[in-house]
Every structure is written in C-alpha cells, then in structure tokens.
1. With a cut-off of 8 Å between alpha carbons and a minimum separation of six or more residues, what is the relative contact order of segment 29-119 in percent?
2. Rule-of-thumb check for the chain: C-alpha Rg over 2.2 N^0.38 Å?
3. What order do you get for 11-21, 88-98 when each peptide is scored by the mean count of other beta carbon atoms within 10 Å, highest first?
4. Order 47-54, 33-40 from most to least packed using the mean count of other Cβ atoms within 10 Å.
5. So what's the angle, to the nearest 10 degrees on a 0 to 90 scale, between helix 32-53 and the longest Cα principal axis of the chain?
6. Along Cα→Cβ, 7 Å out, is where each label goes; now give me the distance between the ones at residue 59 and residue 79 in nm to one decimal.
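Read-outs: derived from the displayed coordinates by stated rules, not from any lab. Here the structure is a predicted model, which means the values were calculated and not measured. For neighbour counting, all protein chains shown are included, and Cβ atoms are generated from backbone atoms with ideal geometry for every residue, glycine included.
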C-alpha cells in the first residue's frame, strides 16, 4: 500500500466508489456511476407513476413527472452537464419515456421532440 490514511486511529479503506451528499464519486473521476444510479432510480419512480396515474388526465401525469421524477434527474445536474454523450442520452431517455407517457403516444414514428414542444418542455440539458 502506498500510504495509509487514518481517521481517529482507524485506517481508511480504499473503495471503488462512494456516495457523498447524493453524488456518486468513483476512483476514476468518471460520472458514469452517478448517471447510471440516478437514471435507474428515476426510472423506478417513473414506473411507479405509470402504474398509478396512467388513467389520469395529461396535466396530472405532467405534474407527477415534474414533482417526482425530474427532481431526481436534475439533482447535481452540473455533474453530467458537460459529460459524455452516453450519459446525456441516458438521462434524456427517461424524459423521453415520460413525454410519451404524458402524451399517450407510443408510436415509434412519432417525434419525441414534437411532443416536447407540444408540452412546452425543454430538454434536461437545456434546463
């Protein structure tokens, strides 16, 4: 071991990643872990919303997204703002799924960007 770090006479162990103030840090200084965990959590919340609010009007589904899902995606957004395209696409994909759910339009030929404009939503990267 190159050097030991101690805190109150306890040797600190080396870990691959750690969570600090809701941000997941890893030993390679990559944000992939944080984005993966954040999108997984937001996707689970979106599934909950879809199960429980699918019969509600569009404006209710929109409010559910804005209050329960989007804050999870936007927390520590400066982390992924200048990130690699993979991470940005992964986070935006959650909003795209929500957009389709809110508009009740699951056709593959439908434009998600047109739906975003219809709802007057910015992409998460723009926000």
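1. 35
2. Details: Rg = 18.4 Å, N = 127, 2.2 N^0.38 = 13.9 Å.
Its radius of gyration relative to the 2.2 N^0.38 Å reference: 1.33.
3. Values: 11-21: 9.2, 88-98: 18.9.
Going from most to least packed, we get 88-98, 11-21.
4. 33-40, 47-54
5. 40
6. In this crude spin-label approximation the distance works out to 3.5 nm.
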